[in-house]
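Visitor: Starting off with a structure, shown below.
Computed from the coordinates by the stated procedures, all read-outs in this text should not be read as laboratory data. Note that the structure is a prediction, hence the values are computed from the model and not measured. Ideal geometry is used to build each Cβ from the backbone, glycine not excepted, and the neighbour counts take in all protein chains shown.
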Amino acid sequence: MADIINIGGVPISPGENTVVKISLGKLPVGNQLNMRVHVFRSLNPGPVILLTGGIHGDEINGIEMLRQALELQLFENLNCGTVIVIPLVNIFGFISFTRDSTDGKDINRSFPGSPHGSMASRIAGIISRQILPYCSAGIDFHSGSQSRFNYPQIRFTGRHPSGKVLADAFNAPFSLIKPFLQKSLRKIAFDMGIPILVYEGGETLRVDPFVIKQSMDGLKKVLNHLNMTNFQVERQENILLKRMSWIRAQSQGLFYPTINNGSRIDKGQLIGWVHDLAGNANTAVVSNTNGYLLCVNNRPVVYSGDPLFNIGIP
Ligand SMILES: [Zn+2]
């Protein structure tokens, strides 16, 4: 680890805790947008861990968990190494209740980004060029898009051995081997040799205490594993899933799931109903595979072909 790291033009020495504001430019009405980067450095060398929330501005659970972690001063007295926290990457999306950035672009499909691009590309570029080069690993906190509630899970690549070790350390209820999305933070970090876990929990525009507790506990377990902290936190059963499969609506209408998220599911099991308003026909939703329920669509109005459930398969 370099002795001094320099983020946003601010040199930060070992033993120093500070907040750097990186300018993202101005809103059209003139307000300045700054991305706040919290840096916590032990005097002792060690891993440099990046924690990011709100790359998708409407996924609030990760933003709130990192806010709570800062309020609880979790990173103030590290045994070794450095923690870099960006609780809210996509400020514009957060204040406008949307996933994307100003230009309708997804920051997590804009890496490595460019200082000359539009907002999403610039933000990705700041993380890629000013922050990632210092990092040895990271965790990126997400929620299910739209009204799809993800049961707490860690996503990692089987192509990076240390990613599996970190996923095991995080000890979420489920760990899912998931291929990279092109131009994502996880992919660009992998290309730089940096394993980044993606935590998925809850749904957009909601905070969920169980989802937040699972992410906080997992973060503590990862930092303990890296000998950076000594938190008291209990381990739990973890199930490894190798792929996932969507179950889609066979008809349109009002959707009612009849099974709890996170449950074990058998092939052929009844897991929900779609009620057609016009014909008064009720269509059973039946699982086409054995596995575990990783995601439930909480939006009741569905069209034929809409995703209803995501099943994780061991
Ligand atoms: Zn997301």
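Visitor: Determine, for Ser304, Ser128, the number of other Cβ atoms within 10 Å of each Cβ, and report the residues in order from fewest to most.
Guide: Exposure proxy ranking, most exposed first: Ser304, Ser128.
Visitor: What does the extension gain come out to for Gln250 and Gln146, with contour length at 0.36 nm per residue minus their alpha carbon separation? Before the final figure, lay out each step's value.
Guide: On the way: separation 104, 0.36 × 104 = 37.44 nm, distance 2.01 nm.
Full extension from Gln250 to Gln146 adds 35.4 nm.
Visitor: Expressed as cubic angstrom per residue, what is the convex hull volume of the alpha carbon set of the chain? Let's see the in-between values first.
Guide: Values: hull volume 40.8 nm³, N = 314.
Spelled out: Cα convex hull of the chain, divided by residues, is 130 Å³.
Visitor: Here's something else I'd like to know. About the Cα centre of the chain, how large is the charge dipole given +1 on each Lys and Arg Cβ and -1 on each Asp and Glu Cβ? Please answer in debye to the nearest 20. Provide the component values of the computation, followed by the final result.
Guide: Working: 29 positive and 22 negative charges, 121 e Å.
That gives the chain a dipole magnitude of about 580 debye.
Visitor: Taking neighbour counts of Cβ atoms within 10 Å as a proxy for exposure, in what order, fewest first, do Phe92, Phe75 appear? Mind dumping the intermediate values first?
Guide: Values: Phe92 19, Phe75 25.
So the residues, fewest neighbours to most, are Phe92, Phe75.
Visitor: Could you compute Rg(Cα) / (2.2 N^0.38 Å) for region 5-55, with N its residue count? Don't skip to the answer; put the middle values down first.
Guide: Working: Rg = 13.5 Å, N = 51, 2.2 N^0.38 = 9.8 Å.
Normalised Rg, Cα atoms only: 1.38.
Visitor: Hey, fewest Cβ within 10 Å first, where do Cys135, Cys80, Cys295 land in order?
Guide: On the way: Cys135 20, Cys80 17, Cys295 24.
By the 10 Å Cβ count, ascending, the order reads Cys80, Cys135, Cys295.
Visitor: Taking H placed 1.01 Å from N in the peptide plane, check which residues at least 5 places from Ile271 or on another chain put their amide H under 5 Å from its amide H.
Guide: Val285, Val286, Ser287
Visitor: Rg and Dmax of region 245-313, using alpha carbons, in Å: what are they?
Guide: That works out to 11.2, 35 Å for Rg and Dmax.
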